[in-house]
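Computed from the coordinates by the stated procedures, all read-outs in this text should not be read as laboratory data. What you see is a predicted model, and the numbers here were worked out from it, not measured in a lab. With ideal geometry, Cβ positions are generated from the backbone for all residues, glycine too; neighbour counts draw on all protein chains shown.
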Amino acid sequence: MLKWISPLGLGAALLFSPSGQTATSSLAATWTTDVFVENGTSSQRAKIDRGEQKLREIVRSEAFKNRILNFSYKGAKRFVDSGGLTNSQIYTKILNGAEKLLPAQDNEMDLKIKTYYEASSTVGFTSTSSMYINMNTKFLNAYTVAETMKTMMHEWLHKLGFSHAVNYSTARDYSVPYGVGRIVMDLARLSL
Ligand SMILES: [Zn+2]
């Protein structure tokens with residue numbers, strides 16, 4: 001008797017390789033953004049637009065992937081407050097782009113931004129019940145595009161469900177919102 005190897009079975013074996021390499025590199029290549037800015041001056045909006053374009057380039061890059069996969073805290077490859085996820089799972093979650101309030105894995109950063117002014121030390125804030133992130137123009141006006149991108153990524157990671165301690169500590173800088181926000185800013189500074 002001849003043994004059949006179905007073309008379907010072979011295809012499935014190739015697609016779902018154990019490493020998942022093919023899956024994440026194609027997800028990175030197609031990762032995109034949909035950023036809506038509700039208000040703000042033309043220069044505030046231009047800064048956010050430029051940040052959005054640059055974010056697409058950075059998240060698609062090999063450098064971003066390497067920085068996430070090799071991120072370490074106290075000698076171990078991990079983030080603080082990782083929600084039990086490995087660096088690789090965090091990277092995949094960013095690429096999937098499933099916000100808590102828009103849970104389809106659409107491979108896209110969906111973000112709505114409102115600007116406001118407050119004479120405080122708060123750069124921005126968001127709440128779990130809203131798609132909006134709020135950016136304080138006291139900071140936004142003085143920020144470079146790279147710093148603006150750090151805030152956009154930080155607040156969006158809250159939309160994905162990542163959190164961090166309220167009060168400052170060294171450990172908090174290694175949480176997903178702070179850690180990945182800093183990676184985005186560093187890579188933007190290298191290429192802007
Ligand atoms: Zn935060």
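Things to note:
- Extension gain, Lys112 back to Lys77 (0.36 nm per residue minus Cα-Cα distance, nm): 9.4 nm
- A Gaussian network model of the chain, with springs between Cα atoms under 10 Å, assigns the largest mean-square fluctuation among Gly40, Gly83, Gly75 to Gly75.
- For the range 137-192, the direction-averaged projected area of the alpha-carbon convex hull comes to 4.2 nm².
- Based on every Cα atom in the chain, Rg and the maximum pairwise Cα distance Dmax equal 18.6, 81 Å.
- Where N is the number of residues in the range 68-128, Cα Rg divided by 2.2 N^0.38 Å: 1.44
- Sites Gln53 and Asp186, calculated FRET efficiency, Cβ-Cβ separation with R0 22 Å, nearest 0.05: 0.80
- Pairs over the 27 Å Cα-Cα cut-off, from the set Lys65/Lys114; Lys54/Lys138; Lys47/Lys159; Lys54/Lys100; Lys54/Lys159; Lys54/Lys74: Lys65/Lys114; Lys54/Lys74.
- Percent of beta bridges antiparallel (DSSP, the chain, rounded to nearest 5): 30 percent
- Here the range 38-108 is treated as a Stokes sphere of Kirkwood radius computed over C-alpha pairs; at 10 °C and 1.306 mPa s its diffusion coefficient rounds to 112 µm²/s.
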